[in-house]
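Student: There's a structure below that I have some questions on.
The values are calculated or read from the model by the stated rules, or taken from the named source; none is laboratory data. Not measured: the values here are computed from a predicted model. Glycine also receives a Cβ, built like all others from the backbone with ideal geometry; neighbour counts cover every protein chain displayed. Areas reflect the complete protein model, heavy atoms only, side chains present, ligands, DNA and RNA absent. Shrake-Rupley method; radii C 1.70, N 1.55, O 1.52, S 1.80 Å.
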There are 2 protein chains.
Amino acid sequence: MTSHSSTVEPIVWTGHSLRLLDQRLLPHEVVYVECKTAEAVADAIRTMIVRGAPAIGVCAAFGIALAAGDTHDRDSTDRNVHEAASLLGGTRPTAINLAWAIDRMLRVAAATTGPLHATMVREAESMFREDIAANRRIGRFGAELLGDDTTILTHCNAGALATAGYGTALGVVRATREAGKRIAIFAGETRPYLQGARLTAWELQQDGFDVTLITDNMSGHFFARETFDAVIVGADRIAANGDTANKIGTYTLAVLAHAHDVPFYIAAPLSTIDLQCPNGAAIPIEERSGSEVTETLGWDRDGQQHRVRVAPDGIAVRHPAFDVTPARLITAIITDAGVLRAPYATSIAEAFSRSGSAD
Amino acid sequence: MTSHSSTVEPIVWTGHSLRLLDQRLLPHEVVYVECKTAEAVADAIRTMIVRGAPAIGVCAAFGIALAAGDTHDRDSTDRNVHEAASLLGGTRPTAINLAWAIDRMLRVAAATTGPLHATMVREAESMFREDIAANRRIGRFGAELLGDDTTILTHCNAGALATAGYGTALGVVRATREAGKRIAIFAGETRPYLQGARLTAWELQQDGFDVTLITDNMSGHFFARETFDAVIVGADRIAANGDTANKIGTYTLAVLAHAHDVPFYIAAPLSTIDLQCPNGAAIPIEERSGSEVTETLGWDRDGQQHRVRVAPDGIAVRHPAFDVTPARLITAIITDAGVLRAPYATSIAEAFSRSGSAD
């Protein structure tokens, strides 16, 4: 398969199962979970063993490939594939790559006569390779936007861990270094799930980047001190007008970037754009359990894992897992089909017609 | 002593020692630490057993009173008092109330002939009562600014726990309810030290308020959804031009409030205003240990306390404990001498001359 240019391999297809790096245990333990069924893949997505919009799209494709291998009878296989598609499609509501990947697998299935298993596996493998190739193009386009010595702020994890293996926002970071430029990264820790502290800090540290961890509420202070040359984040769903849903906290960074005249970039493949979705108000926002806010998973000095409570019992909690950044706050969307700028309705439509993938 | 109108008593003077509610163990355990010496009080401030600008000012005053009780010889007492003042003054750099309280104790000491101990105790007790009275005035002035059915956002803990017992920002909350109005509070958890989750959520829950906990990075989302009628926070130091240092994350909320046309209020006594400090750039910002970012203290389901790590070993961390909100983003400063508005250089000077306390 395609080289990752990252030491991190979040998704490994063994030929008969999907091995997923358990991101809940990072950065403390590097443990893979083996999924042999679509149900196991769905569980892995729901419980956030794997997360990140492009990554869960690719995993759902492999989940359908696994479902297609259960029987040799084509009718049963079709039923299994559709059941798996329905199950996988219901795991996370916000990321559009999930629906995109499932839809693509079902269309290939519908166009295939005879045994389906090998075709489904090949299609999922293609999607895996295409995701890394798309990330590399995003990286090259993004690197051209940055200067020779740049400090960026990122949020959540839009890295190798969120994709098949190179990253969208962190793909831009990798490509910038590959282009011979100096880049430093501030990673917001990304409460409540701490993807920034646990995943981005770890992933960038693994690959020797200059990364500094801050809590999310420190970003304003560093904007005021002119620390950042740009903000680069990923996306879970981009509406046809450019409004972008991404991890909770992204919108705050966009407002801060705008107030400080710092470019705010979204890095995402075209598969994250939902042409059926006219604007941000139409994007469903997943509300997750309050216990993810009141409890934190971590490790003590002896390496023992504990889930600790940090708020009083019985406290009311809100936990929207994503927010929507309006297009007017986005300097550019860095896609695998080039850098898109406002007016996004036009530039997005043009990018799809150029790439011939307005599906 | 004055009634608290809060079930929470963070600071109790026993007549010969200072009993401090150990805020590091909240909300899980209600434990008091008894301080019999100025050194013990200094340790309690440094290790954040007690925190909050007005509270540490009052504690420092009692610390000096304790130092004044060690000997009966006036020369030795003066030496002890000055040593205690120096020790206590060095515990936290940002909160100006600390310097204000110590300065007041030293001036009273200098003006006193003969035995000092009883005078120092009386002065500290006065400061305790005056702090609660000032909080109550802040509360009444603030309540007049709010409607009959209000939802506010607050940050960190500017409550009973941060003062002698009623609160500044949360004093406004209490007074609003006492005025017969309905008030709901969103509390930002306030990473890294979680004063919002551990202290504000608990304190408001104890007194039966409608409080909802969110992570700091969710505030933008709720601003966009028009959830908040106002933001009310405390202050650690206010410069003569109105620029305000407060807990890290405050500046971000001020930018968000401005972008969404929501009033942004500072609630603080005049003792938090530093007339010697011309503007925010002159306020020293305490940088605390990175381990407070990478490690979190909490409790498991069995009530066992654990300090858990949530970031990779060896990661670089920044931890400014405060940030500065420029006066132009502050709708009003609610003080014990009335509601001050821009231009703050003028309104602050007038408030001091009205109160006769331009010391």
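Student: Along the positive direction of the dipole of chain B (beta-carbon charges: Lys, Arg +1; Asp, Glu -1; about the Cα centre), which of B:VAL324, B:ALA40, B:ALA143 reaches farthest?
Tutor: Selected residue: B:ALA143.
Student: Using a simple spin-label model with points 7 Å from Cα along the Cα→Cβ vector, what separation in nm is obtained for B:ASP229 and B:ASP300?
Tutor: Each label point is offset 7 Å from its Cα along the Cβ direction, giving 4.5 nm.
Student: Enumerate the helices in chain A for which the Kyte-Doolittle hydropathy averages -1.0 or more and the C-alpha atoms extend at least 20 Å along the helix's axis, using complete DSSP H runs. If you can, show how the numbers build up before the last one.
Tutor: Values: long enough: A:53-67 (21 Å, 2.05); A:74-89 (22 Å, -0.84); A:96-110 (21 Å, 0.87); A:117-143 (39 Å, -0.51).
Helices meeting the criterion: A:53-67, A:74-89, A:96-110, A:117-143.
Student: Nearest 20 debye, what's the magnitude of the dipole of the protein assembly as shown about its Cα centre given +1 on Lys and Arg Cβ and -1 on Asp and Glu Cβ?
Tutor: On the way: 64 positive and 84 negative charges, 108 e Å.
Dipole size: approximately 520 debye.
Student: Report ³J(HN,Hα) in whole Hz for each residue of the range A:206-215, in order, from the Karplus equation J = 6.51 cos²θ - 1.76 cosθ + 1.60 where θ = phi - 60°; Gly and Pro get x.
Tutor: Per residue, the Karplus-derived 3J(HN,Hα) values read 4, 9, x, 7, 7, 10, 10, 8, 10, 6 Hz.
Student: Roughly how many debye, to the nearest 20, is the charge dipole of chain B about its Cα centre, given +1 on each Lys and Arg Cβ, -1 on each Asp and Glu Cβ, and no other charges?
Tutor: Numbers: 32 positive and 42 negative charges, 61 e Å.
That gives a dipole near 300 debye.
Student: To the nearest 500 deg cm²/dmol, what mean residue ellipticity at 222 nm is calculated for the protein assembly as shown from DSSP H runs of n ≥ 4 alone, each contributing -39,500 (n - 2.57), summed and divided by the residues?
Tutor: Values: 22 runs with 260 residues, N = 718.
Rounded to the nearest 500, it is -11000 deg cm²/dmol.
Student: Return the ratio Rg/(2.2 N^0.38 Å) for chain B, where Rg is computed over Cα atoms only.
Tutor: Numbers: Rg = 19.7 Å, N = 359, 2.2 N^0.38 = 20.6 Å.
Cα Rg divided by the expected 2.2 N^0.38 Å: 0.96.
Student: Here's another thing I want to ask about it. Taking 0.36 nm per intervening residue step and subtracting the Cα-Cα distance, what contour gain separates A:SER289 from A:ARG129 on full extension? Intermediate values should be presented prior to the final figure.
Tutor: Numbers: separation 160, 0.36 × 160 = 57.60 nm, distance 3.38 nm.
Gain on stretching A:SER289 to A:ARG129: 54.2 nm.
Student: Which cross-chain or sequence-distant (5 or more) residues have an amide H under 5 Å from the amide H of B:HIS319, H modelled 1.01 Å from N in plane?
Tutor: B:ARG288
Student: Excluding ligands and nucleic acids, what accessible area in Å² is computed for A:SER355 using a 1.4 Å probe, to the nearest 10?
Tutor: About 50 Å², rounded to the nearest 10.
Student: Students often check this: by mean Cβ neighbours within 10 Å, which of B:27-36, B:132-141 ranks highest, and how do the rest follow? Can you show the working numbers first?
Tutor: Values: B:27-36: 16.1, B:132-141: 23.0.
Order by mean packing, descending: B:132-141, B:27-36.
Student: Counting alpha carbon pairs within less than 8 Å and at least 6 residues apart, what relative contact order, in whole percent, applies to chain B?
Tutor: On the way: 754 pairs, mean separation 57.2, N = 359.
Normalised by residue count, the contact order of chain B is 16 percent.
Student: Which whole number gives the average count of other chain Cβ atoms within 10 Å of the Cβ atoms across peptide B:219-231?
Tutor: Mean partner-chain Cβ count within 10 Å for B:219-231: 4.
Student: Measuring label to label, 7 Å along Cα→Cβ, what does B:ASP103 give against each other copy in nm, shortest first?
Tutor: So the distances to the same position in the other copies read 6.6 nm.
Student: Which residue fluctuates most in the GNM of chain B (Cα springs below 10 Å): B:GLY314, B:GLY220, B:GLY208?
Tutor: Most flexible of the set in this elastic network: B:GLY314.
Student: Further, regarding this structure: Select from B:THR200, B:ALA345, B:VAL121 the residue farthest towards the positive end of the dipole of chain B; place +1 on Cβ of Lys and Arg, -1 on Cβ of Asp and Glu, and compute about the Cα centre.
Tutor: Result: B:ALA345.
Student: Also, I was wondering about something else. Given the options B:GLY298, B:ILE334, B:ILE285, identify the residue whose Cα lies farthest towards the positive end of the charge dipole of the range B:265-352 (+1 on Cβ of Lys, Arg; -1 on Cβ of Asp, Glu).
Tutor: Going by the charge dipole, the pick is B:ILE334.
Student: Also, I was wondering about something else. Mind checking the mean number of beta-carbon atoms from other chains within 10 Å of the Cβ atoms in A:187-195? Intermediate results must be reported in sequence, preceding the final value.
Tutor: Numbers: counts 3, 1, 9, 2, 10, 6, 1, 4, 0.
Mean inter-chain Cβ contacts per residue within 10 Å come to 4.
Student: What are the distances, in nm and sorted shortest first, from the label point of B:PRO284 to the label points of the same position in each other copy, with each label point placed 7 Å from Cα along the Cα-to-Cβ direction?
Tutor: 5.4
Student: Rounding to the nearest 20 debye, state how big the charge dipole of the range B:50-177 is about its Cα centre with +1 on each Lys and Arg Cβ and -1 on each Asp and Glu Cβ. Could you put the intermediate results ahead of the total?
Tutor: Values: 13 positive and 13 negative charges, 54 e Å.
I would put it at about 260 debye.
Student: For chain A, set up a Gaussian network in which alpha carbons nearer than 10 Å are linked by springs, and say which option among A:THR244, A:THR112, A:THR163 fluctuates the most.
Tutor: A:THR112
Student: Which ³J(HN,Hα) values in Hz, rounded to whole numbers, follow from the phi angles of the range B:260-270 under the Karplus curve 6.51 cos²θ - 1.76 cosθ + 1.60, where θ = phi - 60° and Gly and Pro get x?
Tutor: 10, 6, 9, x, 10, 10, 9, 10, 6, x, 4
Student: Mind checking A:27-38 for the average number of partner chain beta-carbons within 10 Å of each residue's beta-carbon? Write down the numbers at each step before the final one.
Tutor: Numbers: counts 6, 6, 0, 0, 0, 0, 0, 0, 0, 0, 0, 0.
For this peptide, the per-residue mean of nearby foreign Cβ atoms is 1.
Student: Let me ask another. State, to one decimal in nm and shortest first, how far the label point of A:LYS36 sits from each corresponding label point in the other identical copies (label point: 7 angstrom along Cα-to-Cβ).
Tutor: 6.7
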